[in-house]
1. Once label points are set 7 Å from the Cα along Cα→Cβ at both residue 342 and residue 318, what is their separation, rounded to one decimal in nm?
2. If you place +1 on the Cβ of every Lys and Arg, -1 on the Cβ of every Asp and Glu, and leave all else neutral, what size is the dipole of region 249-351 about its Cα centre, to the nearest 20 Debye?
3. Computing the accessible area with a 1.4 Å probe over protein heavy atoms, can you report the carbon and sulfur percentage for region 148-189?
4. Solvent-accessible area per residue for the chain at a 1.4 Å probe radius, Å²?
5. Can you give the helix-only mean residue ellipticity at 222 nm for the chain, where every DSSP H stretch with n ≥ 4 adds -39500 (n - 2.57) and the sum goes over all residues, rounded to the nearest 500 deg cm²/dmol?
6. Hey, any idea what % of region 22-123's accessible area is carbon plus sulfur with a 1.4 Å probe?
7. Given points 7 Å out from each Cα along the Cα-Cβ axis, report the residue 132 to residue 175 separation in nanometres with one decimal.
8. Once neighbouring chains are kept in place and the probe is 1.4 Å, which whole percent of the accessible area of region 277-351 is contributed by carbon and sulfur?
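The values are calculated or read from the model by the stated rules, or taken from the named source; none is laboratory data. Keep in mind that what you see is a predicted model, and the values were worked out from it rather than measured. Cβ coordinates were reconstructed from backbone atoms using ideal geometry, including for glycine residues, and neighbour counts include every protein chain displayed. Heavy atoms of the whole protein, side chains included, go into the accessibility calculation; ligands, DNA and RNA do not. Shrake-Rupley method; radii C 1.70, N 1.55, O 1.52, S 1.80 Å.
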Amino acid sequence: MTKNDHLATAARTPVSIVSSQPTVPGTYVLLLIDVVERWNVPMEDLLGHEGLAIEDLLRSGFRLPRDCFARLIKQAISLTGEPGIGFLMGLQMKVSCHGVIGQAAMVARTLGAALDIAIAYFKMPSSDLELRLDPHGQHVRLALVELDERYRLGEVGAMFLLTGFAAMAEALTGTRLRGKGVVRFARPSYMSRFDHLMVGPLTFEGGFNGFIFERSILDLPLVMSDPVAARVAREQCKEELGRLGGGRTLVQQVRDLVFDEGMGFASIEEVAAKLNVTPRTLQRRLRAEDMVFRELVESMRQQHAMRLLAVGQKSIGQVSDLLGYSDVTNFSRAFRRWTGRSPREYARAPG
């Protein structure tokens with residue numbers, strides 16, 4: 001039975017899964033189904049034990065607990081006898097799997113801009129993982145960081161996401177990218193069958209899960225770049241963040257909404273509108289969490305200034321403009337107050 005047949009004939013009540021556990025998008029299960037079907041395994045043999053139906057997975061915004069997804073992976077490996085199923089899933093990952101975040105990344109100007117969007121919204125609406133992009137000598141390091149060690153990425157999950165990111169980057173740029181992969185787990189016995197899929201050498205039992213690549217890759221243009229669509233899509237991401245909340249504190253929500261990599265800082269009026277409150281109410285609620293909007297913006301200016309200069313994608317003038325300074329002199333004065341160094345000295349320092 002195909003997915004469409006199942007959808008047409010199913011008469012089950014949709015399952016609404018709400019959990020305080022880390023969650024994953026239902027679209028990831030759809031990728032798993034597509035892979036398992038290559039072995040002619042009936043979909044219900046995979047989903048049945050978890051009480052899921054295809055219509056659940058097709059609902060917009062549907063997510064399921066991470067431990068449920070882990071059991072589905074284990075069941076898929078048992079049904080197919082393929083321990084390397086994470087690689088096969090990753091190869092099928094599309095940017096569209098990630099909803100409004102994917103749409104915003106797809107129409108960004110460069111791969112670096114797309115990564116900025118992914119980093120800003122990767123946790124939406126809830127996740128135990130965070131994307132981080134940091135300087136690494138003459139290169140940059142993109143890492144998948146577990147926020148809770150109780151939910152550490154396993155072998156299959158890490159290879160699924162890393163292979164998927166590489167596949168999406170290639171699709172976005174139209175270019176075969178090269179770099180070095182790093183994973184926390186030991187080399188599996190089946191790895192030789194998938195070596196040819198790697199974007200470069202892969203280090204096992206490393207200190208993180210992710211990639212190290214040349215900074216110049218960040219400047220690669222995207223084949224579907226559209227500045228107008230990118231602005232609209234980023235606003236949709238922010239609206240979704242404001243709507244979902246995702247169990248985050250108000251300070252965390254404001255941090256997510258106040259800065260845009262393309263447009264800079266939003267005003268308190270703009271942030272309050274996305275949270276459906278008045279600016280006065282927002283200020284009052286922030287004070288209840290021992291925070292003032294102006295101080296929050298200042299701390300974020302420092303954080304983003306240091307990151308942007310270290311990665312080296314933008315000039316000092318561009319960073320100054322993006323962070324809302326009237327001129328480079330004022331920005332340089334603020335940066336020296338934060339770090340004891342000028343922006344130029346900081347940017348030239350080894351990563």
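1. Between residue 342 and residue 318, the simple spin-label model gives 2.1 nm.
2. My answer is approximately 320 debye.
3. Numbers: 990 of 1960 Å².
Whole-percent figure for carbon plus sulfur exposure: 51.
4. Numbers: 17190 Å² over 351 residues.
Heavy-atom SASA per residue in the chain reads 49 Å².
5. On the way: 17 runs with 177 residues, N = 351.
Calculated at 222 nm, the ellipticity per residue is -15000 deg cm²/dmol.
6. Working: 2140 of 3780 Å².
On region 22-123, the fraction of accessible area on carbon and sulfur atoms equals 57 percent.
7. Calculated label separation equals 2.6 nm.
8. On the way: 2060 of 4420 Å².
So the carbon and sulfur contribution to the accessible surface is 47 percent.
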